[in-house]
Amino acid sequence: MDVKQSMRDILRAESSAISAIPVTDDYEKAVEAIVERVHRRGGKLITAGMGKAGQIAMNIATTFSSTGTPAVNIHPSEAQHGDLGVVQPNDIVLLISNSGKTREILELIELLHGLYADIPVIVISGTPDSPLVHAADIALLTGGAPEVCPLGLTPTTSTTMMTVIGDVLVVNVMMSIGFSVEDYAKRHHGGYLGHLSRSKSN
């Protein structure tokens, strides 16, 4: 096996997949909806996903929180056992599922709407014609590029796309709210990033 050539092939495939993510008006809608619910109404962003998508959802939530937009991640299964109680009227939800058919995520939408019927739902998915996309207020599609996994099964390319889409949302919300290096420093007291942000803000 030629690992270097495999690496080149993987980098090429994932770079092409990133470039092919559909750029749509729904990104502007998603950013505006997050700003409206969180920064104007005092709510928060709720993220959720299952499996690898759940790990991406958690990363997106922590990145949003560290950049001035309060966010929490909930596990869809635990939500059915009381964790749904963290959701409040002015919140907004970001759900992630590559297939758009994940049972726990679809059930979570029902639970959320049972609690607050008008809570906005943003989804990130690789499947346009899926139950999750049809249930969403705003859908951000990955483009559905094939996984670089040799089996075509392991979430690899798809999780890269999800992460990039999360970055697009985070960065644009930061710009929309005018999040500054001083704001960043207040939220990062330890580590290299804390030191760097404080030195830039002085």
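The values are calculated or read from the model by the stated rules, or taken from the named source; none is laboratory data. Source: prediction; values computed, not measured. Cβ sites come from the backbone with ideal geometry, for glycine too, and all protein chains shown count toward neighbours. Heads up: the accessible areas ignore ligands, DNA and RNA and are worked out on the full protein's heavy atoms, side chains in. Shrake-Rupley method; radii C 1.70, N 1.55, O 1.52, S 1.80 Å.
Points to keep in mind about this one:
- Between Ser199 and Lys52, the FRET efficiency estimated from the beta carbon spacing at R0 = 41 angstrom works out to 0.70.
- Using a probe radius of 1.4 angstrom, the carbon and sulfur fraction of the accessible surface of the chain is 56%.
- The chain - accessible surface per residue (Å², probe 1.4 Å): 52 Å²
- Proximal lysine pairs, the chain, alpha carbons under 29 Å, eight or more residues apart or interchain: 11
- Virtual spin-label span in nm between Lys101 and Thr62, 7 Å along Cα→Cβ: 3.2 nm
- Cβ-Cβ distance of Ser77 and Arg187, R₀ of 30 Å, FRET efficiency by 1/(1 + (r/R0)^6): the value works out to about 0.50.
- Fully extending the segment from Gln88 to Asp25, taken as 0.36 nm per residue of separation minus the present Cα-Cα distance, adds 20.0 nm.
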